[in-house]
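Nothing in this text is a laboratory measurement; each read-out follows from the coordinates by a stated rule. Please read all numbers here as calculations on a predicted model, not as lab measurements. In this analysis, Cβ positions are derived from the backbone assuming ideal geometry, glycine residues included, and neighbour counts consider all displayed protein chains.
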Amino acid sequence: MGAITYDMEITSSIPAGKLFKAFVLDFDNLIPKIMPQAIKSVETLEGDAGVGSVKLITFGEGSQFKSVKHRVDNIDKENLTYSYSIVEGDALMGVLESITYHIKIVPNADGGSICKNRSIYNTKGDTQITEEKIKKGKEKAMGMFKAIEDYLQANPDAYN
């Protein structure tokens with residue numbers, strides 16, 4: 001098994017705590033509401049949505065994939081960090097064992113924040129995954145992030 005690591009940072013005008021509440025803590029409710037074409041639903045299969053919980057994410061009509069199961073690995077509300085792993089589903093394309101995401105949202109000097117995301121793609125055997133496939137996934141994640149940011153800008157009283 002090999003691992004490919006990809007880091008990405010997104011700067012936002014939204015304060016870190018507010019962004020964490022929307023992007024991490026309420027993602028399961030918010031994304032199907034504002035982007036049903038991307039994610040149709042998120043259902044907790046095991047646990048209470050905390051560490052160790054397993055969730056079924058069903059993608060919307062606009063997705064090339066049907067669903068994935070993701071496991072919550074860590075949530076730290078004080079330090080605004082969140083880790084989860086995709087452990088099952090067609091988004092693993094038969095060549096990935098799992099994909100682990102580490103998200104940290106940090107305040108920046110102007111009152112906004114920076115979302116730091118590290119993705120680790122764990123391949124089966126000596127399978128290689130192309131930079132192009134990783135880039136496509138990152139573009140979709142960026143679209144969801146921007147949709148949440150737009151929602152928060154349009155609804156300034158949300159997640160205070």
field: Relative contact order for the chain, counting Cα pairs under 8 Å that sit 6 or more residues apart, in percent
entry: 28 percent
Inter-centroid distance (Cα atoms) of the range 30-96 relative to the range 113-160, Å: 12 Å
- request: Express in nm, to one decimal, how much length is gained between A109 and T5 on full extension, taking 0.36 nm for each residue of separation and deducting their alpha carbon distance.
  value: 34.6 nm
statement: Going residue by residue through the range 95-109, the Karplus relation 6.51 cos²θ - 1.76 cosθ + 1.60 with θ = phi - 60° gives ³J(HN,Hα) values, rounded to whole Hz and with x marking Gly or Pro, of 10, 10, 6, 6, 10, 10, 10, 10, 10, 9, 10, 10, x, 10, 4
- prompt: By how many degrees, 0 to 90 and rounded to 10, does the Cα axis of helix 131-154 deviate from the longest principal axis of the chain?
  reply: 20 degrees
message: With unit charges on the beta carbons (Lys and Arg positive, Asp and Glu negative) and the dipole taken about the Cα centre of the range 9-60, which residue among I57, S12, L45 sits farthest to the positive side?
response: S12
task: Please give the calculated 222 nm ellipticity per residue for the chain, where each DSSP H segment of at least 4 residues contributes -39500 (n - 2.57) and the sum is spread over every residue; nearest 500 deg cm²/dmol?
output: -7000 deg cm²/dmol
task: Using only the C-alpha atoms of the chain, find the volume of their convex hull and express it per residue in Å³.
output: 109 Å³
